[in-house]
Amino acid sequence: MTAPPGEAVIDVADLAKTYRTPFTRRRVEALRGVTFQVRRGEIFGFLGPNGAGKTTTIRILMGLISATAGTAKILGNPVPSRQARARLGFLPEQPYFYDYLTVGELLDLAGRLFGLDAATRKRRADELIAKVGLDRARTQALKKFSKGMMQRAGLAQALINDPDLVVFDEPMSGLDPIGRKEVRDLILELRDAGKTVFFSSHILSDVESVSDRVAIVIRGQIQAVGSPRELAGQTLLGVDVTLRLDDPHGAAADEIAARGDRVRRGDRELSLTVAADVDVDELLAFARERGARVVVVAPRHDTLEDLFVKSALASDGGTAAGAAVTEGP
Ligand SMILES: Nc1ncnc2c1ncn2[C@@H]1O[C@H](COP(=O)(O)OP(=O)(O)OP(=O)(O)O)[C@@H](O)[C@H]1O
Ligand SMILES: [Mg+2]
């Protein structure tokens, strides 16, 4: 069951989730009106600090818990739905597998749950075990696997039904830099094979480098959605100016340096950063009058990291970025 072209593969509107802890009667507002759409064929990164509501959103999408309010659709079907589940691959945040199984047995079991016949199960399992690089560990029980191997077994398990949409909750967590790169490459491969990938992470660089679009979620609310390039570079932070001067430590250099900050002096060069609202033409004329030649003038835009950190700080006065907690019924 595939969604018609142009229709969102994931469509979440005004999603809210309030957890109630049974004994203390605390209310945790994990999601407070989350809206976003994931388009067919894109890699969509769901980025947010710990406790922001990523896993909660994913568990609602997977039909594991119900939302307090709002709607969630996968491939055009309201969740939970059997039609959507059949075209979906899922890697949970902390996968728990029967650890006496081998990876081949794990994949066979996953294939059975999707009703695949024995030949298809065998073929897909062989392909996937090779794809995630677990060939040499085929005969080992999962309980002997390292964290990285376990994560790769989980990724293979999520792909057994050749899904149109894959949802990975923190697929890079606990992996070393090589493992993270392998997961990024796998995500790109899946996209190139025509699949839609939705994955969460609290690590900006993991999301930034592969995602076509990103949603930043903080304290149960979406702070921004867009391509990493759109989201970054929205604000001009300043202009970097590099000048050539006979004496970058002389009086003329000092006069120029006084007009900016982050001053760096090299052998024959003076670099400084001026604020975004400074008249750069006027500054350059001022510098030329003092014998400087212009080498580089470059705008400095904010990065996705700036946005991420700024949003996290703005939403909670600079402390925790987790959910809103209130006492009482
Ligand atoms: N079953 C639950 N009962 C009560 N509160 C919960 C429950 N599950 C999650 N929470 C709370 O809801 C908020 C959102 O949690 P969630 O697991 O969705 O965050 P996350 O973005 O996935 O964080 P992480 O990066 O740590 O995985 C947190 O404050 C968390 O403590
Ligand atoms: Mg989580």
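Miscellaneous remarks
- Of ALA215, ALA224, all but one fail to be among the aliphatic types (A, V, I, L, M) and more than 16 Å from ligand 2 (Cβ to nearest atom); the exception is ALA224.
- Among residues that are surrounded by 17 or more Cβ atoms within 10 Å (Cβ to Cβ) and either modelled with pLDDT of 95 or more or not assigned by TED's automatic domain parsing to the domain that holds ARG213 (or both), ALA258 is not included.
- Exactly one residue out of LEU47, LEU31, LEU75, LEU15 is closer than 30 Å to LEU109 by Cβ and surrounded by 23 or more Cβ atoms within 10 Å (Cβ to Cβ), and it is LEU75.
- Looking across region 54-111, the residues that are of a type outside the set (A, V, I, L, M), assigned to a helix (DSSP H, G or I) and either more than 19 Å from ALA156 (Cβ to Cβ) or within 16 Å of ligand 1 (Cβ to nearest atom) (or both) come down to LYS54, THR55, THR56, THR57, ARG59, ARG82, GLN83.
- Subset of region 40-53 [within 16 Å of ligand 2 (Cβ to nearest atom) and over 10 Å from the mean Cα position of the chain (by Cα)]: PRO49, ASN50, GLY51, ALA52, GLY53
- Matching entry among VAL34, VAL28 (being more than 27 Å from LEU188 (Cβ to Cβ) and within 15 Å of ligand 2 (Cβ to nearest atom)): VAL28
- If you go through region 242-287 and keep only what is part of a loop (DSSP other than H, G, I, E, B) and either closer than 25 Å to HIS301 by Cβ or without any contact (Cβ under 8 Å) to a residue 12 or more places away in the chain (or both), you end up with ASP247, GLY250, ALA258, ARG259, GLY260, GLY266, ALA276, ASP277, VAL278, ASP279.
- Test: residue in region 31-50 that is aliphatic (A, V, I, L, M) and part of a helix (DSSP H, G or I): no
- Within region 113-126, being more than 12 Å from ALA153 (Cβ to Cβ), at pLDDT 95 or above and either in a helix (DSSP H, G or I) or β-branched (Val, Ile, Thr) (or both) holds for ALA118, ALA119, THR120, ARG121, LYS122, ARG123, ARG124, ASP126.
- The residue pairs whose first member lies in region 288-317 and is without any contact (Cβ under 8 Å) to a residue 24 or more places away in the chain, whose second member is surrounded by 12 or more Cβ atoms within 10 Å (Cβ to Cβ) and part of a loop (DSSP other than H, G, I, E, B), and whose beta carbons are closer than 9 Å, counting only pairs six or more residues apart or on different chains, are LYS310/ASP302; LEU313/ALA321.
- The set of residues in region 159-182 that are within 16 Å of ligand 2 (Cβ to nearest atom) and of a type outside the set (Phe, Trp, Tyr) comprises VAL167, ASP169, GLU170, PRO171, MET172, SER173, GLY174, LEU175.
Residues are listed down the side, and each one gets a yes or a no for (1) modelled with pLDDT of 90 or more; (2) within 16 Å of ligand 1 (Cβ to nearest atom); (3) not aliphatic (A, V, I, L, M):
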| residue | (1), (2), (3) |
| --- | --- |
| SER146 | no, no, yes |
| MET149 | no, no, no |
| GLY154 | yes, yes, yes |
| LEU165 | yes, no, no |
| ARG191 | yes, no, yes |
| PHE199 | yes, yes, yes |
| VAL214 | yes, yes, no |
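- Cβ-Cβ under 9 Å pairs, at least 6 apart or on other chains, region 40-64 side closer than 13 Å to ILE222 by Cα, far side within 9 Å of ligand 1 (Cβ to nearest atom) and assigned to a helix (DSSP H, G or I): PHE46/LYS54; PHE46/THR57; PHE46/ILE58; LEU47/LYS54; GLY48/LYS54
- Taken over region 13-25, the criterion of being outside any loop (DSSP other than H, G, I, E, B) and more than 16 Å from ligand 2 (Cβ to nearest atom) is satisfied by ALA13, ASP14, ALA16, THR18, ARG20.
- Checked against (1) under 30 Å from ASP11 (Cβ atoms); (2) crowded, with 22+ Cβ neighbours inside 10 Å; (3) not acidic (Asp, Glu), VAL103 meets all criteria but (1).
The values are calculated or read from the model by the stated rules, or taken from the named source; none is laboratory data. Just so we're clear, the structure is a prediction, and the values are computed from it rather than from any experiment. As a convention, Cβ positions derive from the backbone with ideal geometry for all residues, glycine included, and neighbour counts pool all protein chains shown.
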